[in-house]
Amino acid sequence: MSIEYANLCSVVVKQVFGETVQIVADCLFCAVSRTLPAILKKTNLSRKEVSTALAVLIKYQLVVFAPCATNPFLAEYSLKREEIFYILRYPSYVQLIHSKYGPVGAAIAEELLHSGPQTATNVLLKCIANSEIKEKIETYRENFLAMVSDNYLIRLPQLISAEEDPVPKLQTDAYQYFAPPDINLHFISEVQAGKEKVEKAADAGIYWHANFSRFHQDFRDTVMIGAIERKLGTSASECFKYILKQMYERTDPWQKDCSNPFTFAEIKQTIEKKSNNLDLIKHLDQYVSLIADDPLRFIRKIGEMGGGQYVVDLNHAFEELTLSWFGSVITERYGSKASRIFRIIHMKKYIEQEELQKEAMIPAREAKLLSYYLFQDQFIQIKTIRKAGGGGTGPAKAFFLFHFKPRQSVRMILNVCYKALYNTIERSNFEKSEHKRLIEKSQKLDSIVATMKERGESAEYIEEILETLTPPEREILEKVKTRIKTLSKAELTIDDSIFLLQMYLHHSKVETSLTTKDKK
């Protein structure tokens, strides 16, 4: 992990959990694992502070522990670095659940994400008590069970070790990850009435948490479906959505390269059952061929069985999407001519400077300048080939060839994105702290005005209260709000780019190029 990612994780932990937890997390980030004495020595914190910080991180599934290899009586703590970054995506997770299950589902997801893993009974009790949505308790139970059934919620490991074990042991069988919990509505009513204690629930000791891989699966599908829709239209994107559903029936969602094969007949059967798009049903064979023949080549035909046998080529799909993203970034930073140079280098694999300027049809001086900028920012690389002089005695000749290493460039850009996201969060925090008094004054006024409106106070009296915020203060406040809003949008945009690049690194082969021709 890079220093940029370490800084980003550090500021996220500090923002959410406070400075003490940040110090412990930074200590764990610097090592594969550490024991409690090692953390105490490194951080100079008290044993109580470190224990509390570890308890918080373990509760939110950001730290795991296991017996130490050299001393089984001590626990070793390891930080789950990737899941710290997921904290920034919590609003996106809640929004996704809201779009699928409505406000009740969103309330359940928000409670689990912000309060940490809990039993199903406890989650429902808190949601009913805190939510402004007046829904029946049955609705909450149905939504919770539906989210478990669709794999958005996952069961956490349970304590199985005996009391004499120095380090607790946890275990969950794979088949139990999504086993529905026993939610007794009568018992919940008894708890609400104060007649029972929540600790006596039938599902006590069975904790649930958000299944991040399922959310990311949906985000990945949205990226691919959106790309198809922008290029080929709504019907083609709907066709591809059903193709993905068909893929998941027999393929691991995080299979790296290609999906397992499926036939046209299976796609047709699925769409005829579930789709209301008559145009898609009528011209299904044309839409499937259109997606398969498109340069994006999200699906690939591999046989003729069942009307045509296809696979979803995730490797190629994210190669093409990432290449397109690189082109957009280079165009924004250096202009269309630099983007043309980049595409030629990618297409030719290896190319000299003189040949490059001829192919790009750009003046020599400008081509050299733009290719230097691309090399300086690590979008392209240079390979040096040395050739001995005549007879083996003359000076060696050197040839400098431009080429493109996608994985290297993607990692470089990822670090730039992490740094940009860190700067965005820091700037947003600075704006909030710098104008803290003014923001608090505005919030207090809004609260007072809302209360006055509920009481039915006159408009003139409300206007007098609002005038306590002077025009210069209002102007400053508006500017601050605009800046914070702009920074929030920037965070979302950067995270979208990070997600795309992470998907490319996951699905691409270790030694690969973004060109399709190399595979043929």
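The values are calculated or read from the model by the stated rules, or taken from the named source; none is laboratory data. Since we're looking at a predicted model, the values are computed, not measured. Cβ: placed from backbone, ideal geometry, glycine included. Neighbour counts: every protein chain shown. Please note that ligands, DNA and RNA were not included when accessible areas were found on the heavy atoms of the full protein model with its side chains. Shrake-Rupley method; radii C 1.70, N 1.55, O 1.52, S 1.80 Å.
Observations on the structure shown:
- On inspection, LEU125 does not qualify as under 30 Å from ASN71 (Cα atoms), open to solvent by less than 30 Å² (accessible area, probe 1.4 Å) and in contact (Cβ under 8 Å) with a residue 24 or more places away in the chain.
- Residue in region 135-143 that is out of contact with any Leu (no Cβ under 8 Å at 6 or more places or on another chain), within 30 Å of GLN22 (Cβ to Cβ) and surrounded by 14 or more Cβ atoms within 10 Å (Cβ to Cβ) present: no
- The test for being within 31 Å of the chain's Cα centre (by Cα) and open to solvent by less than 20 Å² (accessible area, probe 1.4 Å) does not hold for ALA201.
- Scanning region 152-191 for residues that are farther than 30 Å from ALA75 by Cβ and not β-branched (Val, Ile, Thr) turns up TYR152, PRO180, ASP182, ASN184, LEU185, HIS186, PHE187, SER189, GLU190.
- Residues in region 216-258 that are among the polar types (S, T, N, Q) and closer than 15 Å to LEU500 by Cβ: GLN217, THR222.
- Inter-residue pairs, beta-carbon under 9 Å, first closer than 18 Å to LEU125 by Cα and in region 95-108, second at pLDDT 90 or above and among the small types (Gly, Ala, Ser), 6+ apart: GLY105/ALA146; ALA106/SER99
- Residue match in region 445-464 (condition: open to solvent by 70 Å² or more (accessible area, probe 1.4 Å), over 28 Å from the mean Cα position of the chain (by Cα), under 27 Å from GLU426 (Cα atoms) and at pLDDT below 85): yes
- Of all the residues in region 441-475, those that are assigned to a loop (DSSP other than H, G, I, E, B) and not hydroxyl-bearing (Ser, Thr, Tyr) number 4.
- Matching residues, region 460-509, being within 30 Å of HIS316 (Cβ to Cβ), without any contact (Cβ under 8 Å) to a residue 24 or more places away in the chain and of a type in the set (D, E, K, R): ASP496
- Residue within region 117-132 that is touching a Ser or Thr at 6+ places or on another chain (Cβ under 7 Å) and outside any helix (DSSP H, G or I) present: no
- Within region 173-193, being open to solvent by 80 Å² or more (accessible area, probe 1.4 Å) and either among the β-branched types (Val, Ile, Thr) or part of a helix (DSSP H, G or I) (or both) holds for TYR175, HIS186, GLN192.
- Strands (runs of 3 or more DSSP E) wholly inside region 295-410 that include at least 1 residues being of a type in the set (Gly, Ala, Ser), open to solvent by 10 Å² or more (accessible area, probe 1.4 Å) and free of Cβ contacts under 8 Å to residues at least 60 places away in the same chain: 299-303, 397-403
- ARG437 meets all of the listed conditions (1) of a type outside the set (Asp, Glu); (2) within 36 Å of the chain's Cα centre (by Cα); (3) open to solvent by less than 90 Å² (accessible area, probe 1.4 Å) but one, namely (3).
- Meets criteria (of a type in the set (Gly, Ala, Ser) and touching a Gly at 6+ places or on another chain (Cβ under 6 Å)) for ALA210: no
- Count of region 245-293 residues which are open to solvent by 20 Å² or more (accessible area, probe 1.4 Å) and in a loop (DSSP other than H, G, I, E, B): 13
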